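Read through the structure below, which is laid out as structure tokens, and then see the notes.
The values are calculated or read from the model by the stated rules, or taken from the named source; none is laboratory data. As the structure is a prediction and not an experimental result, all values here were calculated from the model. All Cβ positions, glycine included, derive from the backbone under ideal geometry; neighbour counts span all protein chains shown. For accessibility, only protein heavy atoms count, side chains too; no ligands or nucleic acids. Shrake-Rupley method; radii C 1.70, N 1.55, O 1.52, S 1.80 Å.
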Amino acid sequence: MGIRFILLVNKQGQTRLAQYYEYLTLEERRALEGEIVRKCLARTDQQCSFVEHRNYKIVYRRYASLFFLVGVDNDENELAILEFIHLLVETMDRHFGNVCELDIMFHLEKAHFMLEEMVMNGCIVETSKTNILAPIQLMDKAS
Amino acid sequence: MALSGMRGLSVFISDIRNCQNKEQERLRVDKELGNIRTRFKNEKGLTPYEKKKYVWKMLYIYMLGYDVDFGHMEAVSLISAPKYPEKQVGYIVTSCLLNENYDFLRMAINTVRNDIIGRNETFQCLALTMVGNIGGKEFAESLAPDVQKLLISSSCRPLVRKKAALCLLRLYRKNPDVVNVDGWSDRMSQLLDERDLGVLTSVMSLFVALVSNHTEAYWNCLPKCVKILERLARNQDILQEYTYYGIPSPWLQVKTMRALQYFPTVEDPSTRRALFEVLQRILMGTDVVKNVNKNNASHAVLFEALALVMHLDAEKEMMSQCVALLGKFIAVREPNIRYLGLENMTRMLLVTDVQDIIKRHQAQIITSLKDPDISIRRRALDLLYGMCDVTNAKDIVEELLQYLSTADFAMREELALKAAILAEKFAPDLSWYVDVILQLIDKAGDFVSDDIWYRVVQFVTNNEDLQPYAAAKAREYLDKPALHETMVKVSAYILGEYSHLLARRPSCSPKEIFAIINEKLPTVSMPTVAILLSTYAKILMHTQPPDPELQEQIWAIFKKYESYIDVEIQQRAVEYFALSRKGAALMDVLAEMPKFPERQSALLKKAEDAEVDTAEQSAIKLRSQQQTSNALVVTDQRPVNGSLPVNQLGLVRMPSQNMEASSHDQGLTKENGTVSTVDPASTQSADILGDLLGPLAIEGPPAAAVSAEQNMVPGLEATPDAAGALALATVGDQSNSVQPIVNIAERFHALCLKDSGVLYEDPYIQIGIKAEWRAHHGRLVLFLGNKNTSPLMSVRALILPPTHLKMELSLVPETIPPRAQVQCPLEVMNLRASRDVAVLDFSYKFGTAMASVKLRLPAVLNKFLQPISLPAEEFFLQWKALSGPPLKLQEVVRGVKPMSLPEMANLFASLHLGVTPALDTNPNNLVACTTFYSESTRAMLCLIRVETDPSDRTQLRITIASGDPTLTFELKEFIKEYLIMMPASTPAAAAAAPAPAAAPLQPQSPITPAGYNDPGAMLAGLL
């Protein structure tokens, strides 16, 4: 299955973007997010980017105030996911230009569009930034 | 811009952002939800733009963790909006808010389909993505052909095809039948020729899913995968857009190597050479570079290459190269690489021959146990646990013990358990083992489960040499201040039993022992008090001649507890007091505990995720296979005569003797009084055969055969004894003359999973079956087809039903004309749950050839199941309501045929167990519901939960619950048979195999230990 969920959380633990590729009830999501955010945010830069939680492995990366957390299966290639996070950030960067937390917050729908072009059903669909951004640019032009 | 156009949404988001606390946020959200609700109620007044705005707000609120239980319909309705912006919102929000179980989603299927088959590419993409994310079974059934068409269409652009590939993957997971294995291997092979890396990335994910279920079908794709890998590794024909920090799509490289790991080997020499060339290049050519991203990406590829090399069982040289690399990794500064080094080294332990090379890194691994990062420490612990054997157990266990006092609380229990297991498994001598466990309890008492101290008591009890040592040790610990209560328990227990062995040592007189133990009495909890009372009684018993002073002290304590609030303690106090006044009688009652029977360590059972060493594992596997074959009662012994006693009336008392005989040795008796009607026409033939009675050696043991013979005496008397031994001999010979041309066992197992097909075939006849099942009734039709140009004579069919089935076979004509097919309906009614199998005893004559065969009939347990899917709340309600044995049974099953979760889900589906995805939050678990129908239970709900261990597919834990204990047990065993060994691989059962699946039934009602406070009882119950 690969990617189970992608979460963007700020330093205060507020969720800025959440996309799940398996169905969890609201309560389960709340509990899960609470637990992993607590675990990951407490870690230092000298520690590795992988945290084992329940049956997930969380691969995470921090960019300024924002944490990108990706829940994957235990046998997923961790470094590939770690760089996939960076690819997502670079893609956002290319679109927003110096992307920051507020961009993602106030352009929730764009963040969703990008993610939708990159991941489907927990699998990676596209890794070319040009291709990922094409539909959004098309739309921007139209409006 | 879409959002700048939605001012209301921006305002709402800023409002939320400005909230000072959670409470304010909640108020603001509630207000907004109220607002949206009112607007939606008055839907006519809403423009698509407004709808879109509100739907985004809902998504935002949902993301914040608030329940949004309305408006789903509005979100779904946007899908059918004509304009792109609205449609897009509809699709995206629908996939975020809804899941496949929502009814309105089904209502949208048509709209979705129109978008998929329509001409608008962007609409196609939206629809494919939504279906790919949340499409359910209905989608699979109605959309799969369209999606396939898009994927393989040459006129479709890559942007649509890549989505179609992943959409198909989802549909395939929902219903594997949508991808026809035969047709797809060629198609897949063509798809892997794709040049566009976006499409290839998606296709590779689809391929991994397909190949993981049917490796054999996709051999032709293997060279293609190697080609792709070569293309990427050599950077040939790769667009700049698909290189990441100079590395051609690391993700596709990783995925391709993952796909290759599903093939057991690479046989073709040139493909193998090419693959190893690439792997060698990756292994040697990956350098550490400054740029973090580049470094990560290249190492992602490197680690996957390592995994593939390990999988392919490369030459030893290459393996050592891998271990050397990993050895380097576990010592680097970069924490990620260190972590992955340890993780992969643990995987490497599975490769034979490299353990010794890994051991060279032991010191470094032990250092990692003290790493500042818990993730790394966990990996180190796992690795140490895995690499431990007799040669290094002492070092490793002592390290673990040392680490225990500083370890994180989160890890201590696991650590204690693992140390205890290793100490037991690899103890060079038993006194060392006792030392380790006592140290464990001393250092981390809170984290030492009861199992651990029960186990040490068991060892001490069973090893006389150990007893004085253990008693002395226990005595030493009691001198320590601030003792953990578990230590008090174990010391008191051991000293109670064995302190007399210390009698001559200093400060070990009964009085002193009593005094030091009694010091702890005021501070311990009730279960420990109970143990202490037993210890006192034992001390009294051992003090010979009695010491009046000690006696007085102990009696005073017994007296004190005589009216204690806890009934267990009260009873002990009263009884011990009374007994200890009896003098000599006490000696008998309180004699030393007898040895425990050898049992498998409860600890090992507990450490479910612990790797069992391979020898042990295969032993377990072997054992479970033996059990299975017992259950199936497959015997090579052909009956001397396949006929059955039939009396003139045409009514036969079922030859239950056979069943009894065959099941006697299993410790199981059953009555069988079912009456089956037999075709009057065939009574004649039955008559002819009737006198040829012989022992029906259904199953081997001579005793059984003898009893069968004795039981059949009435039958013998009822038949004319004219036809003598001669006839018996000839017919006996003849009955072997016709050989089946199909694998009967395989046929039977296939029919257990489907409802029509061939049951039996030989050169003269083919027997087909078609079945329909409704609740606890079934109607089978037997198709008896004569394949020849001469008639089949003396045809006789007799049903041997097990006790739980009522079966009635209609008339079977004595003769089947040439080239004719006869249909014989068979009515079945299920009375209760059982795994026993009905048998069709079939015989005929063709010319001089006489054929007789006993065929198992596929009227098995799962035919009376009907899968259902329960909503989560309902499921959990039922699950909780059915608590504990015998209604809910749990068992750890080992020696499971390794299969992936989708494979297991398929298996379950074919057994009519409705797998409910996502009900269990743990992705390694599987939850299924089904309804069982029988006359006694009527419709009864059964809940099944399987917990698998991704690191060891050969074991799992299964829990079954239903309202009927027999059903629960039978269903559990039934599923187990399928998990342990796929029946298709059963060795071809001899044609004569009657196999009324006399299961090794042992009424397995797990007993809750009575008198839970009694250590003896506890030990007996738990070890």
task = Hey, can you tell me all the residues within segment B:98-125 that are free of Cβ contacts under 8 Å to residues at least 24 places away in the same chain and within 34 Å of the chain's Cα centre (by Cα)?
result = B:Asp103
message = Cβ contacts < 7 Å: first residue free of Cβ contacts under 8 Å to residues at least 60 places away in the same chain, restricted to segment B:70-90; second residue open to solvent by 50 Å² or more (accessible area, probe 1.4 Å) and part of a loop (DSSP other than H, G, I, E, B), any location; separation 6+ or different chain. Result?
response = B:His72/B:Tyr102
inquiry  = So for segment A:76-84 (the condition being facing chain B (nearest Cβ under 7 Å), in a loop (DSSP other than H, G, I, E, B) and crowded, with 21+ Cβ neighbours inside 10 Å), does at least one residue qualify?
reply    = yes
request  = Please state which one of B:Thr406, B:Thr352 is open to solvent by 40 Å² or more (accessible area, probe 1.4 Å) and closer than 21 Å to B:Lys328 by Cα.
outcome  = B:Thr352
request  = Mind listing just one residue for me: the one in segment B:296-323 that is free of Cβ contacts under 8 Å to residues at least 24 places away in the same chain and assigned to a helix (DSSP H, G or I) and, of those, nearest to B:Val266 (Cα to Cα)?
outcome  = B:Glu317
query = Looking at this structure, is B:Leu312 of a type outside the set (D, E, K, R), away from chain A (no Cβ under 14 Å) and buried (at least 22 other Cβ atoms within 10 Å of the Cβ)?
reply = no
task = Answer with yes or no whether B:Phe329 is crowded, with 17+ Cβ neighbours inside 10 Å, within 29 Å of the chain's Cα centre (by Cα), within 14 Å of chain A (Cβ to nearest Cβ) and within 27 Å of B:Asn235 (Cα to Cα).
result = no
query = Within segment B:795-847, can you find the residues that are of a type in the set (D, E, K, R) and either surrounded by 17 or more Cβ atoms within 10 Å (Cβ to Cβ) or under 30 Å from the mean Cα position of the chain (by Cα) (or both)?
reply = B:Arg796, B:Lys806, B:Glu814, B:Arg832, B:Arg835, B:Asp836, B:Asp841, B:Lys845
Spans of helices (runs of 4 or more DSSP H) in segment B:161-277 with at least 2 residues touching a helix residue (DSSP H, G or I) at 6+ places or on another chain (Cβ under 9 Å), open to solvent by 30 Å² or more (accessible area, probe 1.4 Å) and at pLDDT 95 or above = B:222-233, B:250-260
key: Residues satisfying the stated conditions in segment B:906-928, i.e. within 14 Å of chain A (Cβ to nearest Cβ), open to solvent by less than 30 Å² (accessible area, probe 1.4 Å) and farther than 19 Å from B:Asp952 by Cβ   = B:Thr916, B:Leu919, B:Val927
note = Residue count, segment B:1-45, condition in contact with a helix residue (DSSP H, G or I) (Cβ under 9 Å, 6 or more places away or on another chain), away from chain A (no Cβ under 14 Å) and at pLDDT below 90, comes to 4
query = How about segment B:63-74: which of its residues are in contact with an Asp or Glu (Cβ under 8 Å, 6 or more places away or on another chain) and within 12 Å of chain A (Cβ to nearest Cβ)?
reply = B:Leu64, B:Gly65
ask   = Say we look at segment B:355-377 and pick out the residues that are buried (at least 18 other Cβ atoms within 10 Å of the Cβ), not in a loop (DSSP other than H, G, I, E, B) and not β-branched (Val, Ile, Thr); which of these is nearest to the chain's Cα centre (by Cα)?
value = B:Ser375
Qualifying residues in segment B:75-100 (those that are within 30 Å of B:Thr916 (Cβ to Cβ) and outside any helix (DSSP H, G or I)) - the one nearest to the other protein chains (Cβ to nearest Cβ) = B:Asn99
Hits in segment A:29-49 (condition: within 21 Å of B:Cys96 (Cβ to Cβ) and surrounded by fewer than 15 Cβ atoms within 10 Å (Cβ to Cβ)) = A:Ala31, A:Gly34
task = May I ask you to list the residues in segment B:903-940 that are more than 24 Å from B:Thr966 (Cβ to Cβ), more than 12 Å from the chain's Cα centre (by Cα) and part of a helix (DSSP H, G or I)?
result = B:Asn906, B:Ala909
ask   = Which of the following residues is without any contact (Cβ under 8 Å) to a residue 24 or more places away in the chain and more than 7 Å from chain B (Cβ to nearest Cβ): A:Val125, A:Val99, A:Val119?
value = A:Val99
query = Is it the case that B:Lys149 is in contact with a Ser or Thr (Cβ under 6 Å, 6 or more places away or on another chain), at pLDDT 90 or above and basic (Lys, Arg)?
reply = no
ask   = Checking B:Pro1003 against (1) at pLDDT below 85; (2) in contact with a Lys or Arg (Cβ under 9 Å, 6 or more places away or on another chain), which test does it fail?
value = (2)
message = If a residue must be open to solvent by 10 Å² or more (accessible area, probe 1.4 Å) and either in a helix (DSSP H, G or I) or more than 8 Å from every other protein chain (Cβ to nearest Cβ) (or both), how many such residues does segment A:50-65 contain?
response = 7
ask   = Which of the residues spanning segment B:538-571 are among the hydrophobic types (A, V, I, L, M, F, W, C) and either assigned to a loop (DSSP other than H, G, I, E, B) or touching a residue at least 40 places away in the same chain (Cβ under 8 Å) (or both)?
value = B:Ile539, B:Leu540, B:Met541, B:Leu550, B:Ile554, B:Ile565, B:Ile569
request  = Please work out if A:Asp45 is under 21 Å from B:Asn344 (Cβ atoms) and facing chain B (nearest Cβ under 10 Å).
outcome  = no
query = Quick one: A:Glu90 ticks every box in (1) of a type in the set (D, E, K, R); (2) more than 7 Å from chain B (Cβ to nearest Cβ); (3) surrounded by 19 or more Cβ atoms within 10 Å (Cβ to Cβ) bar one, so which box is it?
reply = (3)
message = I'd like the full set of residues that are at the interface with chain B (Cβ under 7 Å from one of its Cβ atoms) and either in contact with a helix residue (DSSP H, G or I) (Cβ under 9 Å, 6 or more places away or on another chain) or assigned to a loop (DSSP other than H, G, I, E, B) (or both), limited to segment A:2-16.
response = A:Thr15
inquiry  = Looking only at segment B:863-886, filter to residues that are part of a helix (DSSP H, G or I), closer than 19 Å to B:Thr966 by Cα and of a type in the set (A, V, I, L, M, F, W, C); which one of those is nearest to the other protein chains (Cβ to nearest Cβ)?
reply    = B:Trp879
ask   = When segment B:79-118 is examined, which residues are found to be touching an Asp or Glu at 6+ places or on another chain (Cβ under 6 Å) and surrounded by fewer than 17 Cβ atoms within 10 Å (Cβ to Cβ)?
value = B:Arg106, B:Ile117
